[in-house]
1. What residues have an amide H closer than 5 Å to that of residue 273, excluding those fewer than 5 places away on the same chain, when H is modeled at 1.01 Å from N in the peptide plane?
2. Determine the calculated [θ] at 222 nm for the chain from helices alone, applying -39500 (n - 2.57) to every DSSP H run no shorter than 4 residues and normalising by the residue count; nearest 500 deg cm²/dmol.
3. Work out Dmax and Rg for segment 64-107 from the C-alpha atoms and quote the Rg first, both in angstrom.
4. For the chain, set up a Gaussian network in which alpha carbons nearer than 10 Å are linked by springs, and say which option among 225, 249, 211 fluctuates the most.
5. Got the relative contact order for segment 84-175 handy, in percent, Cα pairs under 8 Å and 6 or more residues apart?
6. Evaluate the relative contact order of segment 1-150 (contact order divided by residue number), counting alpha-carbon pairs under 8 angstrom at least 6 apart; express in whole percent.
7. So for the chain, averaging the separation of alpha carbon pairs under 8 Å that are six or more residues apart and normalising by length, what relative contact order in percent results?
8. Highest first, please rank the peptides 79-91, 176-188 by the mean number of other Cβ atoms sitting within 10 Å of their residues.
Amino acid sequence: MTQTLRIGRILYTNVWPIFHHFPADRFAGRIELHTEVPSTLNRAMAEGRIDMGPISSFAYGEHAEEYLLFPDLSVSAFGRVNSILLFHKKPLTEIAAGGRIMLANTSAASVNLLKILMAKRFAGNPVYRFDEARLSSMRPDEDAALLIGDDAIRADWSNSDFEVTDLGELWREWTGRWMSFAVWAVREDAAERHPELLSDVYRAFLESKRQGLAQPEEMIRHAVQTVGGSEAYWRSYFGGLSFDFGEEQRKGLQLYYDFAYELGLLNRPAAIRLWQDIPSYR
């Protein structure tokens with residue numbers, strides 16, 4: 001039985017405000033950090049190779065009976081998210097009616113959000129194909145490409161050929177709800193093994209989030225140095241996201257799960273179960 005708590009970290013800037021001040025050294029020997037793209041973290045948690053951390057919100061829906069979600073931690077937006085972007089050559093109504101879309105192979109939440117929007121908002125069913133997360137991977141007969149995270153940000157900076165639709169904004173315009181793209185989950189069996197350590201780690205993440213939002217300048221400079229762009233861009237980017245997971249975020253996510261089940265993207269209904277609601281794990 002594993003003695004350390006294995007924690008995933010998404011390989012994108014959108015989680016930096018929660019991780020930037022996380023005191024990993026304080027937990028030396030008791031935790032392991034594993035940094036990967038969302039799709040890899042989704043698989044690792046499903047296979048029990050990591051115990052907790054941010055995963056695609058869709059991945060929680062697939063394993064809602066095995067995972068618990070932490071309150072007050074997510075990557076969410078009420079409108080524009082600026083890093084979940086559909087680059088397209090034609091209007092969305094035409095693409096939905098029979099177009100072809102290339103999907104980045106790095107995230108389940110955004111891919112399924114696009115499928116929900118195409119099916120429910122535009123009454124369409126385009127052809128989808130997965131490939132590497134770059135615009136150059138598009139085939140000549142494809143009408144659009146979905147990119148996420150830092151790949152989407154970089155592509156948007158250099159884009160001059162495509163119209164760009166932000167899926168967070170499209171979801172808000174259609175439903176009036178929040179969208180949570182990443183959630184902080186823990187495997188229920190890990191919560192049973194590490195109740196006290198999990199509580200300490202959770203509180204450390206909350207404090208790291210507080211510091212990241214209150215003192216973003218170091219994080220902003222690091223983003224400029226490692227990803228590019230300007231300090232003004234990153235200040236706006238981080239400021240436009242929410243890292244909370246309260247009632248409004250949960251309502252939006254539950255609607256997303258309900259649509260996913262209705263469309264057969266999920267095999268069973270998904271209910272949001274919070275770690276704080278399970279007394280023995282607190």
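None of the figures in this text is laboratory data; all of them are computed from the coordinates on show. Being a predicted model, the structure only gives us computed values, none of them experimental. Ideal geometry is used to build each Cβ from the backbone, glycine not excepted, and the neighbour counts take in all protein chains shown.
1. 69
2. Numbers: 12 runs with 114 residues, N = 282.
Computed ellipticity for the chain at 222 nm equals -11500 deg cm²/dmol.
3. Considering segment 64-107 through its Cα atoms, Rg and Dmax are 15.8, 41 Å.
4. Maximum among the listed residues: 225.
5. Numbers: 149 pairs, mean separation 42.1, N = 92.
It rounds to 46 percent for segment 84-175.
6. Numbers: 221 pairs, mean separation 38.1, N = 150.
Reported relative contact order: 25 percent.
7. On the way: 531 pairs, mean separation 84.7, N = 282.
The normalised contact order for the chain reaches 30 percent.
8. Values: 79-91: 20.8, 176-188: 23.7.
Ranking the peptides 79-91, 176-188 by packing returns 176-188, 79-91.
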